[in-house]
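Let me begin by presenting the structure, written as structure tokens, before commenting on it.
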Amino acid sequence: MTTPPRWTRLDFTWLLAVVGLSSAACLASGAELGATFDEPFYIEKGLDGWRTGSYRALMRAGTMPLPVDAQTLPIYLMERYRGYPVEPVREMADILPVARAMTLPFWWLLLLSSFRLARRVGGPWAGRFAVAFTAFEPNLLAHAALATTDIASTAALLALAESVLRGRTSAWRRRVLVPGIWYGFALLCKASTLLFAPLILLVLAWPFARTWRGTRPRLVDLFQMAGIAAALLFAYCGSDWRTQNSFVKWAEALPEQPGSAEVRTAARSLKIFPNAGEGLAMQIKHNVRGHGCYILGAWNPRAVWYYFPVVFSQKLSEATLLLLAFAAVFRTRWLVNPPLLIALLLFAFSLSCRVQIGIRLQFPCVAFLIVGLAAAVAPPFSVSERRSGGDVRLKMVLGASLLAALFTAAESHPRGLRYCNRFWGGAERTPELLVDSNGDWGQGLPELKRWADGRGIERLPVWYYGADPAVYRAPFEMHQINHWPSPTVAEVKRKVGAGGIFAVGVSLLNGCPDRRPETLNVIAWLKGLPRIASVGTFAVFQID
């Protein structure tokens, strides 16, 4: 692997066109979609963080603060300018597009990093096609329009990998310090980086890495990177200088034995919480504990190993899957490249992941896969390939794939969260195949409201998977059946009213996590009713 040539005018034009077009799509989607399940929490706690300087609420949820800080900063500045507090519940419709727009810098970082990484591994055309395929991948594009953390962490991990490759033969500052800062940046974006980053560095430091770049990071360099990242993480998150109640309770419950008194004294005196370690610990607990999942039309009470392989086959675009098949058959000699090997290791790691609530949790695997495929299919062409016309044929394949990717992105806009490729039947089959952030993440209330307003419906009971405050305003009437002490069909009929219309989120209809027999009986009854409409992420029923 050689140093890539200097950027050309085509590089700048291509990059600006791709970034501009995808950013416009993100802004348009962000203005149309309702709040997803996570966004109200991020906005509320992010504003609390700016007001108080404390990340206590975010740490207790296992959420790293950097993307949340960026997304709520303009809202907080607006609050300071106008002189009275923003009320997220009342003003969500106004402030949500602002918060979502602040995800764009992370999106730009992701696109720039994919461009530079592919260019470094596979040459100029690899970089150009990598950034285009990344920008128009429906799942990445859909999440780039949201005020969440998945795009930010993916961008930072790609930047980390590119900085390691770029600084491989440089002095300590570029070889260790810069990658260490990117490592810390990634940790500040999402706690799952604690698992992803070491796997990425493992591939880049593996002995056969010599075949890629003549040298590889020394083990001591990797430990120094991790130390820099940890220092940055803990310094940014800071502390409220309080004791940790759970630590104190645990210490107080220790049996009398040598050292227990000292532990209790330390627990009562150690006023360093909350800190970044608490957030990482909460995320680790969540990952170890796991939960049930919905896949292939069935609910599983526990995580299943095949969840992410199936979801990848359903959610990755046709262009990406076909490009993967083409590379596997015709470009095998180019498949051993750093991004593809990273993607392969992350894919293998996904088989053991116990938190199975959407492809978004494996976005780093998706991003490295796209970059690696671009580097495999469009490497620097040899003289013999040019003479035989091989480079022209490959560019035609890439061009056709890129047009297909652009068409898919345009077709799924602005509902890319519900995207499912045609190999599995398209977006129409998403409700029966996928739930939660794979399809219905709570974003569908604006579309349902437009449907109700167009028919003059003044009261619309809703059973909803989400946290959008709009559900508490007319024409909606919230009925969270899975939270009722003992749900019954008779109670649903009474609250909705005879002849009334009832809108049910498809995630609850097909994959409700409440598996009590009473709730399942209500769901079975609803599925037996005539469906008068399917409106975005909702199924609408007429109650007898």
Next on the checklist: I need every pair where a residue in the stretch 94-105 that is in the same structural domain as Phe41 (by TED's automatic domain parsing) and free of Cβ contacts under 8 Å to residues at least 40 places away in the same chain has its Cβ under 8 Å from the Cβ of a residue that is assigned to a helix (DSSP H, G or I) and among the aliphatic types (A, V, I, L, M), sequence separation at least 6 or different chains.
Outcome noted: Val98/Ile75; Val98/Met78; Pro105/Ala70
Item to check | Hits in the stretch 61-75 - residues which are among the β-branched types (Val, Ile, Thr) and within 13 Å of Tyr236 (Cβ to Cβ) | outcome: Val68
Checklist entry - Restricting attention to the stretch 519-528, does a residue exist that is closer than 24 Å to Asn438 by Cβ and in contact (Cβ under 8 Å) with a residue 40 or more places away in the chain? => result yes
Checklist entry - Can you tell me how many residues in the stretch 447-474 are closer than 24 Å to Asp436 by Cα, touching an Asp or Glu at 6+ places or on another chain (Cβ under 7 Å) and not hydrophobic (A, V, I, L, M, F, W, C)? => result 2
Checklist entry - When you look at Ser534, is it among the hydroxyl-bearing types (Ser, Thr, Tyr) and over 16 Å from Tyr465 (Cβ atoms), yes or no? => result no
Next on the checklist: Which of the numbered conditions does Leu233 fail, given that it passes all the others? Conditions: (1) part of a loop (DSSP other than H, G, I, E, B); (2) buried (at least 18 other Cβ atoms within 10 Å of the Cβ).
Outcome noted: (1)
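The rows are residues; the columns are (1) closer than 19 Å to Ala25 by Cα; (2) of a type outside the set (Lys, Arg).
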{"site": "Arg120", "(1), (2)": "no, no"}
{"site": "Ala152", "(1), (2)": "yes, yes"}
{"site": "Ala155", "(1), (2)": "yes, yes"}
{"site": "Gly167", "(1), (2)": "no, yes"}
{"site": "Val176", "(1), (2)": "no, yes"}
{"site": "Trp182", "(1), (2)": "no, yes"}
{"site": "Val203", "(1), (2)": "no, yes"}
Checklist outcome for this item: In the set Ala152, Ala99, Ala118, the lone residue that is closer than 24 Å to Phe407 by Cα and either surrounded by fewer than 24 Cβ atoms within 10 Å (Cβ to Cβ) or not polar (S, T, N, Q) (or both) is Ala118
Checklist entry - Can you find a residue in the stretch 326-337 that is without any contact (Cβ under 8 Å) to a residue 60 or more places away in the chain and surrounded by 23 or more Cβ atoms within 10 Å (Cβ to Cβ)? => result no
Item to check | Counted residues, the stretch 155-171 - those being aliphatic (A, V, I, L, M) and surrounded by fewer than 24 Cβ atoms within 10 Å (Cβ to Cβ) | outcome: 2
Item to check | Hey, Ala156 in contact with a Cys (Cβ under 9 Å, 6 or more places away or on another chain), free of Cβ contacts under 8 Å to residues at least 60 places away in the same chain and of a type in the set (A, V, I, L, M) or not | outcome: yes
Checklist entry - Yes or no: Ile284 surrounded by fewer than 16 Cβ atoms within 10 Å (Cβ to Cβ), in contact (Cβ under 8 Å) with a residue 40 or more places away in the chain and either out of contact with any strand residue (DSSP E or B) (no Cβ under 8 Å at 6 or more places or on another chain) or in the same structural domain as Leu361 (by TED's automatic domain parsing) (or both)? => result yes
Item to check | Matching residues in the stretch 410-431 - criterion: being hydrophobic (A, V, I, L, M, F, W, C) and in contact with a Ser or Thr (Cβ under 8 Å, 6 or more places away or on another chain) | outcome: Leu417, Cys420, Phe423, Trp424, Ala427
Checklist outcome for this item: Of the residues in the stretch 100-159, those that are among the β-branched types (Val, Ile, Thr) and not in a helix (DSSP H, G or I) come to Thr103, Thr148, Thr149
Checklist entry - Name the residues in the stretch 486-544 that are closer than 25 Å to Val355 by Cα, in contact with a Lys or Arg (Cβ under 8 Å, 6 or more places away or on another chain) and among the hydrophobic types (A, V, I, L, M, F, W, C), would you? => result Leu509
Next on the checklist: Restricting to the stretch 240-269, count the residues that are surrounded by 12 or more Cβ atoms within 10 Å (Cβ to Cβ), of a type in the set (S, T, N, Q) and in contact with a Ser or Thr (Cβ under 9 Å, 6 or more places away or on another chain).
Outcome noted: 1
Item to check | Tally of residues being touching a helix residue (DSSP H, G or I) at 6+ places or on another chain (Cβ under 7 Å) and basic (Lys, Arg) across the stretch 43-97 | outcome: 2
Item to check | Number of positions in the stretch 176-198 that are in a helix (DSSP H, G or I) and either closer than 22 Å to Leu361 by Cα or at pLDDT below 90 (or both) | outcome: 14
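The values are calculated or read from the model by the stated rules, or taken from the named source; none is laboratory data. Since this is a predicted model, take the numbers as computed values, not measurements. Note that we place each Cβ from the backbone using ideal geometry, even for glycine, and neighbour counts take in every protein chain shown.
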